[in-house]
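Single-structure report; data block below.
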Amino acid sequence: MMDGVMRAIMPTLAALALAALALAGCDPGLGTEEDYSVPPSEVGTVQIFSPEHRLPSSAKNVRIHRRHFQDTVLFVRFDAPPDDARAFAERLTGQKLRAGEGDVSSWGRGLGWWIDRYPEQGKGAVGTIGANATARVVVHPGTPDATVWIFASQG
């Protein structure tokens, strides 16, 4: 009988505990989000889940949105010379860029700086990073710089 009572009230007790933590200003570990620009002096420190996948030193206008919960999700946007952008995207995914591949437009809705549809002349790829991460990349060629959008998740 007592088991049944405990099973019945556990969801309510859990909700009350989370509400108390929130009111006390504590992070109950339900996740965090960060959105920031990267200063040019720090571009060399930005990596996509691995030191082997640092952004090219030529990257500029770098924006990152990071979400943590049970996994980590990164939204990254930057501009770089076209050859650097392509080389980075192919190294990150382990794939050649192809038209229509790697669409990321639906993943970052709500971010004012994120792509809202696949660019007409864009090329992209989807690949894995190590054993437990994936990346989707779209590169839009431009003059003098290409724009790169990366959606990566690990967890």
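The values are calculated or read from the model by the stated rules, or taken from the named source; none is laboratory data. Please read all numbers here as calculations on a predicted model, not as lab measurements. We place every Cβ from the backbone using ideal geometry, glycine too, and count neighbours over all the protein chains shown. Accessible surface is based on the protein model in full, side chains and every heavy atom, while ligands, DNA and RNA are left aside. Shrake-Rupley method; radii C 1.70, N 1.55, O 1.52, S 1.80 Å.
Only a single item in (1) crowded, with 18+ Cβ neighbours inside 10 Å; (2) over 12 Å from the mean Cα position of the chain (by Cα); (3) β-branched (Val, Ile, Thr) is not met by residue 128, and it is number (1). Within the stretch 75-109, if we keep just the residues that are in contact with a strand residue (DSSP E or B) (Cβ under 6 Å, 6 or more places away or on another chain) and among the acidic types (Asp, Glu), the residue that is most open to solvent (accessible area, probe 1.4 Å) turns out to be 101. So for the stretch 15-34 (the condition being open to solvent by less than 60 Å² (accessible area, probe 1.4 Å) and at pLDDT 90 or above), does at least one residue qualify? No: the stretch 15-34 contains no residue that is open to solvent by less than 60 Å² (accessible area, probe 1.4 Å) and at pLDDT 90 or above. Of the set (1) farther than 22 Å from residue 122 by Cβ; (2) outside any loop (DSSP other than H, G, I, E, B), all apply to residue 63 but (1).
Being touching a Lys or Arg at 6+ places or on another chain (Cβ under 9 Å), farther than 14 Å from residue 151 by Cα, at pLDDT below 95 and open to solvent by 50 Å² or more (accessible area, probe 1.4 Å): is that true of residue 40 here? Judged against the criteria, residue 40 is a match. The residues on offer are 134, 72, and the sole one that is open to solvent by less than 50 Å² (accessible area, probe 1.4 Å), of a type in the set (Ser, Thr, Tyr) and under 29 Å from residue 32 (Cβ atoms) is 72.
Scanning the stretch 110-120 turns up no residue that is open to solvent by less than 10 Å² (accessible area, probe 1.4 Å) and in contact with a strand residue (DSSP E or B) (Cβ under 7 Å, 6 or more places away or on another chain). Among the candidates 99, 85, 89, the residue that is over 13 Å from the mean Cα position of the chain (by Cα), among the hydrophobic types (A, V, I, L, M, F, W, C) and over 24 Å from residue 44 (Cβ atoms) is uniquely 99.
Among the conditions (1) of a type outside the set (Val, Ile, Thr); (2) touching a Phe, Trp or Tyr at 6+ places or on another chain (Cβ under 7 Å); (3) closer than 16 Å to residue 136 by Cα; (4) free of Cβ contacts under 8 Å to residues at least 60 places away in the same chain, residue 87 misses just one, which is (2).
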